[in-house]
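Take a look at the structure below.
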Amino acid sequence: MALYILCISCDDKNGIVAEVATCLADNECNIEESSQFNDPLSGKFFMRVVFAAKGSEGFRNCFTTTAEKFSMQWYVAGANEKIRTLIMVSKFDHCLNDLLYKWRSGILPIEITAVVSNHGNAKDLARSHNLPFHYFPVTKETKQQQEQDVCKIIEDTQSDLIIMARYMLILTEKFCSDYAGRVINIHHSFLPAFIGANPYLQAFERGVKVIGATSHFVTADLDEGPIIEQDVLHINHSYNAKELSDLGKDVEQLVLSKAIKYVTEDRVFVHKNKTVVFK
């Protein structure tokens, strides 16, 4: 028996859960885990089901009729599939280091294809894990070509997921459109507070009592994509901006790795600029 994940989104109607369960049972599929959410504001229904079966072909054929009846958006994925993932990083490599450890330890269901950077300092770290490292420095004159080079690496490595692990360049609207829903960023503030550059300095100057990190899907609107995961750390008046940055690194690592885990385990549903996350 193999494990599969069924993900569904559609307008909320009576009988959806019953028909899903019936179709699974009729095809000798055993439900291992099930989560659902009906949003009363949008009228949308979201469901994630983990089921065991000898194969998924029979269920897929049967479920097509149910999906058409309820106008569902749906897919079935193997529960143990590893997602081909490219990591992009700039000067700060703490998130990269954390992801490499969790990849090697089997904590994250990903297969890292390469590391891309606009700085060279992460080269030794990437090579120590036997990963290709691609260094593409950027100037105002070379930015367009640099992004084209990054896109070529994504395509050549057949990477399905792109992680901005403190990659500090703003992506073009075309890049965001071409890879919509496939790029995850970690921003070092509790969004929507302190969008853009130097959020720890912004937090220090504002005198906040908590700092945080936010992982979100990347869109053309800077730091405004659908939020996947957030967390905060309580602070007080005694911390300076550098100390806030040092403290925040742990939160950034945790938030980013959680977001990646949720996405790669098919736990995240995007609706407009919000997400439903079955944790």
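The values are calculated or read from the model by the stated rules, or taken from the named source; none is laboratory data. This one's a predicted model, so the numbers in the text were calculated from it and none came from an experiment. Positions of Cβ are backbone-derived with ideal geometry, glycine not excepted, and every protein chain shown enters the neighbour counts.
Structure summary
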{"item": "Listing of strands (runs of 3 or more DSSP E) fully contained in the range 1-84 that carry 3 or more residues being of a type in the set (S, T, N, Q) and without any contact (Cβ under 8 Å) to a residue 12 or more places away in the chain", "result": "none"}
{"item": "Selection within the range 243-259 - touching an Asp or Glu at 6+ places or on another chain (Cβ under 9 Å), buried (at least 20 other Cβ atoms within 10 Å of the Cβ) and not charged (D, E, K, R)", "result": "VAL251, GLN253, VAL255, LEU256, SER257, ALA259"}
{"item": "Residue within the range 16-23 that is touching a helix residue (DSSP H, G or I) at 6+ places or on another chain (Cβ under 6 Å), modelled with pLDDT under 95, surrounded by fewer than 19 Cβ atoms within 10 Å (Cβ to Cβ) and over 30 Å from LEU125 (Cα atoms) present", "result": "no"}
{"item": "Filtered residue count, the range 98-110, keeping only those that are part of a helix (DSSP H, G or I) and closer than 15 Å to MET164 by Cβ", "result": "2"}
{"item": "Subset of the range 238-255 (residues that are within 16 Å of the chain's Cα centre (by Cα) and among the acidic types (Asp, Glu))", "result": "GLU252"}
{"item": "Elements of type helices (runs of 4 or more DSSP H) in the range 111-202, at least 2 residues being of a type in the set (Val, Ile, Thr) and in contact (Cβ under 8 Å) with a residue 24 or more places away in the chain", "result": "143-156"}
{"item": "Candidates ILE87, ILE83 - the one that is buried (at least 16 other Cβ atoms within 10 Å of the Cβ), of a type in the set (A, V, I, L, M, F, W, C) and over 30 Å from ASP11 (Cα atoms)", "result": "ILE87"}
{"item": "Selection count where residues are closer than 15 Å to VAL20 by Cα and either out of contact with any strand residue (DSSP E or B) (no Cβ under 7 Å at 6 or more places or on another chain) or buried (at least 16 other Cβ atoms within 10 Å of the Cβ) (or both), scope the range 39-53", "result": "8"}
{"item": "Residues satisfying the stated conditions in the range 24-38, i.e. surrounded by 13 or more Cβ atoms within 10 Å (Cβ to Cβ) and touching a helix residue (DSSP H, G or I) at 6+ places or on another chain (Cβ under 7 Å)", "result": "LEU24, ASN27, CYS29, ILE31, GLN36"}
{"item": "Members of the range 137-159 that are buried (at least 18 other Cβ atoms within 10 Å of the Cβ) and either under 18 Å from the mean Cα position of the chain (by Cα) or aromatic (Phe, Trp, Tyr) (or both)", "result": "ILE154, SER159"}
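Residue-wise test of (1) assigned by TED's automatic domain parsing to the domain that holds LEU171; (2) under 30 Å from LYS82 (Cα atoms); (3) among the β-branched types (Val, Ile, Thr).
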{"residue": "THR214", "(1), (2), (3)": "yes, yes, yes"}
{"residue": "GLU224", "(1), (2), (3)": "yes, yes, no"}
{"residue": "ASN240", "(1), (2), (3)": "yes, no, no"}
{"residue": "GLY248", "(1), (2), (3)": "yes, yes, no"}
{"residue": "TYR262", "(1), (2), (3)": "yes, yes, no"}
